[in-house]
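Peer 1: Input: one structure, supplied below.
Only the coordinates and a few stated rules stand behind these numbers; no lab work does. Please read all numbers here as calculations on a predicted model, not as lab measurements. A quick note on method: Cβ atoms are made from the backbone with ideal geometry, for glycine too, and the neighbour counts reach across all protein chains shown.
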Amino acid sequence: MMEIDKKKTKTDEAWERLYGRFETDCLLTADAEHCLATHRRLCLKWGSVAAVVIAGIVCFAAWWVVPEKDGDSCNLLTEENREKPTLVKTLEDGSVVYLAQKSTLKYPEHFAEDKREVNLLGEAFFDVAKKTEQTFMIEMERVRVEVLGTAFNVRNSEGAPFSLSVKRGKVKVQLKQDEQTVFVEAGETVTLQAGSLLVSETRNPELFDRYTSNIRFKDECLEDVLRAINKESVGWQIEVASPTLGKRRLTVEFSNNSPESVTELICWTFNLKCTRQGNRLILSEQ
């Protein structure tokens, strides 16, 4: 009984955070408030997963992703994470960005044919889709990062030194001022110290886990949500039975949830059924 009460409390707190963000930005009409309150009561009654969901409310998309209008950034979109949970964004090429709190990512809606270029201020973990014909580049104030397909985290915050740790693959890092270039491999970290890039062994390999323990998605396609969940899942993989189902959109927050509980929540949200096939969980219409 105490365990159920704890889960209801966590769900209640998560809903209050999400509802508060909508209310603060004046995004709630009377109908939307009624809809959210109804969803909230259902989620609290259900109570088996500490997560929150809003599905099918596409009117929030303009708030979540804001086109830049000035200067050379006129074709860039902006994602800003002001909350503690990691904000997960899947880019056009399938690369997944885990944006930490107080961080901003700018990216084009469509990448160029020869490169995939984004801008970062703050801290993020990148899981880059491998495309040999399109180099993935991260532009920052003092440093440029270049990869083809790998996983790494970057810290480029005001008042803190630049650092990058590689989880998988190999990353090229260039200091813009004097064009000093270093290559960083899995298990290594590069930092900017006294105007120079220094490579050393990564002291805390578990640092990548903190990006995925508490994650949220904003108006993302179900197929992109599942792609991110499956990357971190050991054993189980969640799939949709049809491409149409994968295009449904939702806003959701997960906190240390298992693939089974994630599947249960998604099925409840969209009124789906789940079929087990080996180590696969297949979501389909009722």
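Peer 1: At a 10 Å Cβ-Cβ cut-off, how would you order F152, F136, fewest neighbours first? Could the numbers behind the result be given before it?
Peer 2: Numbers: F152 27, F136 24.
Taking fewest neighbouring Cβ atoms as first place, the list is F136, F152.
Peer 1: In the range 84-146, how does Rg compare with the Kirkwood Rh, expressed as the Rg/Rh ratio over alpha carbon atoms? Please list the in-between numbers first.
Peer 2: Values: Rg = 11.4 Å, Rh = 12.0 Å.
With Rg and the Kirkwood Rh in hand, the quotient comes to 0.95.
Peer 1: I've got another one for you. What distance in nm separates the two pseudo spin-label positions at C274 and T191, each 7 Å out from Cα along the beta-carbon direction?
Peer 2: For the pair C274/T191, the computed spacing is 4.2 nm.
Peer 1: Using only C-alpha atoms and all pairs of different ones, pull out the Kirkwood radius for the range 127-286 in Å with one decimal.
Peer 2: Values: mean 1/r = 0.0558 Å⁻¹.
Over the range 127-286, the inverse of the mean reciprocal pair distance is 17.9 Å.
Peer 1: Put one equal scatterer on each alpha carbon of the range 214-285, apply the Debye formula with no solvent term, and list log10 I(q)/I(0) at q = 0.13, 0.16, 0.25, 0.27 1/Å to two decimals.
Peer 2: Each listed q maps to, in turn, -0.31, -0.48, -1.30, -1.55.
Peer 1: Output needed for the range 82-208: three equivalent-ellipsoid semi-axes, defined as square roots of 5 times the C-alpha gyration tensor eigenvalues, in descending order, whole Å. Don't jump to the answer; show the numbers that get you there.
Peer 2: On the way: eigenvalues 82, 59, 44 Å².
One finds semi-axes of 20, 17, 15 Å for the range 82-208.
Peer 1: Here is a follow-up. Need the full-extension length gain, M137 to V182, defined as separation in residues times 0.36 nm minus the C-alpha distance. One decimal, nm.
Peer 2: Values: separation 45, 0.36 × 45 = 16.20 nm, distance 1.47 nm.
Extending this stretch completely gives an extra 14.7 nm.
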